[in-house]
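Inspection log for the structure reproduced underneath, given as structure tokens.
The values are calculated or read from the model by the stated rules, or taken from the named source; none is laboratory data. The structure presented is a predicted model; accordingly, all values stated were derived computationally and were not measured. All Cβ positions, even for glycine, are placed from backbone atoms using ideal geometry, and neighbour counts span all protein chains on display.
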Amino acid sequence: MPNNIIHIAETSSTSTLLKEMRKNENVVEGVTVWADYQISGRGQRGNSWESEQGKNLLFSTILYPDFVLAEEQFLLSQVASLAIKYVLDAYTENITVKWPNDIYWKDRKICGMLIENVIMGNSITESVLGIGININQEFFVSDAPNPISLKQITQVEYNRELILTQITEKIFELYNQAKINRYTIINSYKQCLYRKNGLYSYKDEQGCVFNAYIEDVEPLGLLVLKTEEGIVRKFAFKEVKFL
Ligand code: BTN
């Protein structure tokens, strides 16, 4: 399945293109579209995604995860995050997963993802994993707070297609593992977390800054923090900011 990789020079967004293909034809599970350039690459929270032409990995993979209930969609974030972390581990140290699904090198973002699901009844019938990984870009110009590429870390130029193949294969391996036993994925994810140990500052939706330890990430995706005063607080995506 990971061999179903389609390369195009330019598109508005690989995720948009894949969803359009899906409307018009039968697209088998695992099809991946990657592009050298996106005219309007989409990021989280309505942001755009910066990527210099021909330098990085910009791809989208389609899954039909009908074994995943609507409320369990975080499992797909965990599968994709872990796959990327494991592959990047072979290229550099210090790769972690910043909850919920950013991939970090030290305190800087090397990869972001946008997962778009179609829900029917109680299940996820279709999921488009849209992933951007900074590979060979040397200068970032947008106001994204802390981007970094693999080349900036290691000073080496990489073959993007090779890394893409490794990641799509790993996504499939972990996706199939999740079908059999999702708890192996859930537990591995927790082992890979950015700021897994130690006291750090966070800001809640009311603007209150507090210091806390990461206590847990619940299977449905809530981040559980324990404040320095010993109070346990749980947050959904976008309800807390890492400072
Ligand atoms: C983020 O803001 O962290 C998510 C960025 C996701 C970018 C990828 S690049 C491939 C796919 N196509 C898009 O338009 N967005 C995603």
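Can you find a residue in the range 37-51 that is crowded, with 21+ Cβ neighbours inside 10 Å and β-branched (Val, Ile, Thr)?
no
Can you report the number of residues in the range 1-26 which are part of a loop (DSSP other than H, G, I, E, B), of a type outside the set (Gly, Ala, Ser) and either surrounded by 14 or more Cβ atoms within 10 Å (Cβ to Cβ) or modelled with pLDDT of 95 or more (or both)?
Matching residues across the range 1-26 total 3.
Taking the condition among the aromatic types (Phe, Trp, Tyr) and under 21 Å from CYS111 (Cα atoms), does TYR189 pass?
yes
Any residue in the range 61-77 that is modelled with pLDDT under 95, more than 13 Å from the ligand (Cβ to nearest atom) and surrounded by 15 or more Cβ atoms within 10 Å (Cβ to Cβ)?
no
Given the conditions (1) of a type in the set (D, E, K, R); (2) over 30 Å from VAL217 (Cα atoms); (3) without any contact (Cβ under 8 Å) to a residue 24 or more places away in the chain, which single one is not true for ASP89?
Of everything listed in (1) of a type in the set (D, E, K, R); (2) over 30 Å from VAL217 (Cα atoms); (3) without any contact (Cβ under 8 Å) to a residue 24 or more places away in the chain, ASP89 misses just condition (2).
Just one of (1) within 19 Å of ARG195 (Cβ to Cβ); (2) within 11 Å of the ligand (Cβ to nearest atom); (3) touching a residue at least 40 places away in the same chain (Cβ under 8 Å) trips up ARG108, so point out which.
In the conditions (1) within 19 Å of ARG195 (Cβ to Cβ); (2) within 11 Å of the ligand (Cβ to nearest atom); (3) touching a residue at least 40 places away in the same chain (Cβ under 8 Å), ARG108 misses (2) alone.
Looking at (1) farther than 30 Å from LEU69 by Cα; (2) away from the ligand (no atom under 16 Å from the Cβ); (3) among the small types (Gly, Ala, Ser); (4) surrounded by fewer than 17 Cβ atoms within 10 Å (Cβ to Cβ), which one does ALA212 not meet, given that it meets all the others?
It is condition (4) that ALA212 fails.
Could you grab me the full set of residues in the range 193-219 that are modelled with pLDDT of 95 or more and under 23 Å from LEU75 (Cα atoms)?
Residues satisfying the conditions are LEU193, TYR194, ARG195, LYS196, ASN197, TYR213, ILE214, GLU215, ASP216, VAL217, GLU218.
Taking interchain pairs and intrachain pairs at least six residues apart, which have beta carbon atoms under 6 angstrom, with the first residue in the range 219-230 and under 18 Å from LEU243 (Cα atoms) and the second of a type in the set (A, V, I, L, M) and surrounded by 15 or more Cβ atoms within 10 Å (Cβ to Cβ)?
Hits for this filter: LEU223/VAL217; LEU225/ALA212; LYS226/ALA212; THR227/ALA212.
What number of residues within the range 191-209 satisfy the criterion of being of a type outside the set (A, V, I, L, M) and crowded, with 17+ Cβ neighbours inside 10 Å?
So the count comes out to 4.
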